[in-house]
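Read the structure below first, then the notes.
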Amino acid sequence: MLGGSSVNRRAYDIVIVGAGIVGAACAAECAQEGMLVAVVEAACVGGGATGAGMGHILVVDDSEALFALTYYSRSLWDQLAEELPPECEFQRYGTIWIASEDEDMELLKRKEQFYRARGVAVQILDERALAEAEPNLRKGLRGGLLVVADSVVYPPCAAQFLLERAQARGAKIFFGQPALQCEAQGVRLRDGSLIPADVIVIATGTWASELVPALPIRKRKGHLAITERYPDFVRHQLVEVGYTKSTHAHEADAVAFNVQPRPTGQVLIGSSRQYTTDDSHVDHKTLARMLQRACTYLPRLAELMIIRTWTGFRATTPDNLPLIGPIPGHERLYLATGHEGLGITTSLGTAKLLTAHLLKRSPPISLEPYLPARMENPVWLSASR
Ligand SMILES: Cc1cc2nc3c(=O)[nH]c(=O)nc-3n(C[C@H](O)[C@H](O)[C@H](O)COP(=O)(O)OP(=O)(O)OC[C@H]3O[C@@H](n4cnc5c(N)ncnc54)[C@H](O)[C@@H]3O)c2cc1C
């Protein structure tokens, strides 16, 4: 814990603000590369969206840029899987995208072609194969697309693991105080002390605009519910194929069927998206809509006991792509935020891209689509001191 009078006089190569999964992944990667790393966390590991998220690690076809980042990141999770301790609950369950109507089958086929053309292992399931794969789904669904290598993880433990990995490589973690300001010499904390550093990375998720006002980040609320233990009730992450309509709807509130088996036997039920509120309380109307939607796909879900419901906020950007890289005109001030509903998946890829840029190496995939420089808003660029 950073004490009130503590002033750290040694300059770090890099100070990362925020110990969610993105900050933790960046810390682990930078420390692995031999940088002297400090992490500043106002609360606790996973206290933000990381503790609220579903932990579905998936490849998406929303855009080429999101595909590239999710596909690359998923491969990094696969490489890391062997090293993750049991409490991270990493499982290769696969995702089944579900078509309930004929028109959804078109979406499903487009998805299949998109993935196949890019080397992603997928399998079309007809009505019968879908029912065999997931007996609790309602009868009469048209079919599904199984994305074989998608997985799940328990996000707060994964963030903790990454942070410990950073610490083992020499990183210093400062808990309990928010960073108030980014300055030329480093990060100023609430008690007035300075963490001196050459480079600052803002990985504070939805809070990023507190350090860089007018940053184009909006909060998007989501609800989740988890049941008692019902082993084998579902076997894959099940998502309605129209799900991405809700992730791209920038104004409307939306719910979609998105259910995950947990290794404990519990069933994790999502998901909702709301721009219209800052209130973190569970909104029972939205929760009810979300659960009703889920029951239309899994009718027996109505018989299961829900033991906890909660909410979290996703950090969204106007073009649905994260902000990774330096702020133009402030080459020592980096952003790693705006990951919306994919930050667990893309945390590892974000860390690799950020590190490659810092070390002036060629990136493993193009960084161009995620650079903050793509945004046209000079106001937020001049906001940091
Ligand atoms: C309901 C829901 C479901 C989701 N499901 C999935 C999913 O299935 N798969 C997936 O890939 N993603 C999912 N996500 C998205 C994912 O959870 C986020 O994208 C990810 O957790 C973002 O991580 P982060 O580290 O950027 O932010 P956060 O986890 O929010 O961490 C930011 C940290 O910064 C700290 N902080 C803030 N301000 C300061 C300051 N001034 N000084 C110091 N510290 C500060 C906070 O305390 C916090 O710990 C979901 C999100 C939600 C809400």
- Query: Accessible area of residue 206, 1.4 Å probe, to the nearest 10 Å²?
  - Reply: 30 Å²
- Query: Taking the Cα centre of the range 192-326 as the origin and placing charges on Cβ (Lys, Arg +1; Asp, Glu -1), which of 282, 256, 194 is farthest toward the positive end of the dipole?
  - Reply: 256
- Query: Can you give the direction-averaged projected area of the convex hull of the alpha-carbon atoms in the range 1-109, in nm²?
  - Reply: 10.0 nm²
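With +1 assigned to the C-beta of every Lys and Arg and -1 to the C-beta of every Asp and Glu, and no other charges, what is the dipole magnitude of the chain about the Cα centre in debye, to the nearest 20?
Rounded to the nearest 20 debye, it is 480 debye.
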- Item | Whole-angstrom gap from the range 336-352 to the range 14-48, using each part's C-alpha centre | 13 Å
- Simple SL model, points at 7 angstrom along Cα→Cβ for residue 292 and residue 113; separation in nm is 3.6 nm
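Only Cα pairs under 8 Å and at least 6 apart count here; give the relative contact order of the range 25-135 as a rounded whole percent. Please list the in-between numbers first.
Values: 35 pairs, mean separation 14.1, N = 111.
In percent, rounded to a whole number, it is 13.
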- Query: Treating the beta-carbon of each Lys and Arg as +1 and of each Asp and Glu as -1, no other charges, what is the dipole magnitude of the range 74-166 about its Cα centre, to the nearest 20 debye?
  - Reply: 240 debye
- Query: Can you give the accessible area of residue 295 in Å² (nearest 10), computed on protein heavy atoms with a 1.4 Å probe?
  - Reply: 40 Å²
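Place the peptides 34-41, 347-354, 124-131 in order of packing, highest mean first, counting for every residue the other Cβ atoms within 10 Å and averaging per peptide.
Working: 34-41: 23.2, 347-354: 27.1, 124-131: 15.9.
Output ranking for 34-41, 347-354, 124-131: 347-354, 34-41, 124-131.
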- Order by accessible surface, 1.4 Å probe, largest leading, for residues 218, 118, 229, 273 comes to 229, 218, 118, 273
- Item | Proximal lysines to residue 352, defined as alpha-carbon separation beneath 26 angstrom and excluding residues fewer than eight positions away on the same chain | 172, 219, 360
- Message: Can you say what percent of the DSSP beta bridges in the chain, counting only those with both residues inside, are antiparallel? Round to 5.
- Response: 70 percent
- Task: Note down the relative contact order for the range 132-286 as a percent, whole number, built from C-alpha pairs under 8 angstrom at least six residues apart.
- Result: 17 percent
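If contacts are Cα pairs under 8 angstrom and at least 6 residues apart, what is the relative contact order of the chain in percent? Present the calculation step by step, with values, prior to reporting the outcome.
Numbers: 895 pairs, mean separation 91.8, N = 385.
The value is 24 percent.
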- Note on the structure: Two pseudo-spin positions, 7 Å from Cα along C-beta at residue 188 and at residue 83, lie apart in nanometres by 3.7 nm
- Task: Over 25 Å, how big is the tail of the calculated P(r) for the range 261-385, in percent of all Cα pairs?
- Result: 45 percent
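In Å², what does the accessible area per residue of the range 137-296 work out to with a 1.4 Å probe?
On the way: 6200 Å² over 160 residues.
Accessible area per residue, the range 137-296: 39 Å².
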- Item | Projected area averaged over orientations for the chain, convex hull of C-alpha atoms, nm² | 18.1 nm²
- Probe 1.4 Å - accessible area at residue 72, Å² to nearest ten: 40 Å²
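Rounded, prolate or oblate: pick one for the range 318-379, where a ≥ b ≥ c are the square roots of the eigenvalues of its C-alpha gyration tensor, a/c under 1.5 means rounded, and failing that, prolate if a/b is larger than b/c, else oblate.
Details: a/c = 1.82, a/b = 1.05, b/c = 1.72.
Since a/c reaches 1.5 but b/c is at least a/b, the shape of the range 318-379 is classed as oblate.
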- Query: Tell me, what is the FRET efficiency for residue 13 and residue 373 to the nearest 0.05, using R0 = 30 angstrom and their Cβ-Cβ distance as r?
  - Reply: 0.85
- Task: Quick one: order 92, 314 from most to least accessible surface, probe 1.4 Å.
- Result: 92, 314
- Message: Tell me the carbon and sulfur percent of the accessible area for the chain, rounded to whole percent, probe radius 1.4 Å.
- Response: 51 percent
- Ordering 191, 61, 198, 102 by the accessible surface of their heavy atoms, 1.4 Å probe, largest first, yields 102, 198, 191, 61
- If you bin every alpha carbon distance in the range 112-163 into 10 Å steps from zero, what whole percent lands in each bin? 22, 31, 28, 17, 2
- Note on the structure: Each label sits 7 Å from Cα toward the beta-carbon; between residue 164 and residue 319 the label points are separated, in nm, by 3.9 nm
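With +1 assigned to the C-beta of every Lys and Arg and -1 to the C-beta of every Asp and Glu, and no other charges, what is the dipole magnitude of the range 237-323 about the Cα centre in debye, to the nearest 20?
Details: 9 positive and 8 negative charges, 66 e Å.
For this selection, approximately 320 debye.
The values are calculated or read from the model by the stated rules, or taken from the named source; none is laboratory data. Note that the coordinates shown come from a computational prediction; the quantities given were computed from them, not determined experimentally. Positions of Cβ are generated from backbone atoms using ideal geometry, with glycine treated the same way; all protein chains shown enter the neighbour counts. These area figures cover heavy atoms from the full protein model, side chains too; ligands, DNA and RNA do not enter into them. Shrake-Rupley method; radii C 1.70, N 1.55, O 1.52, S 1.80 Å.
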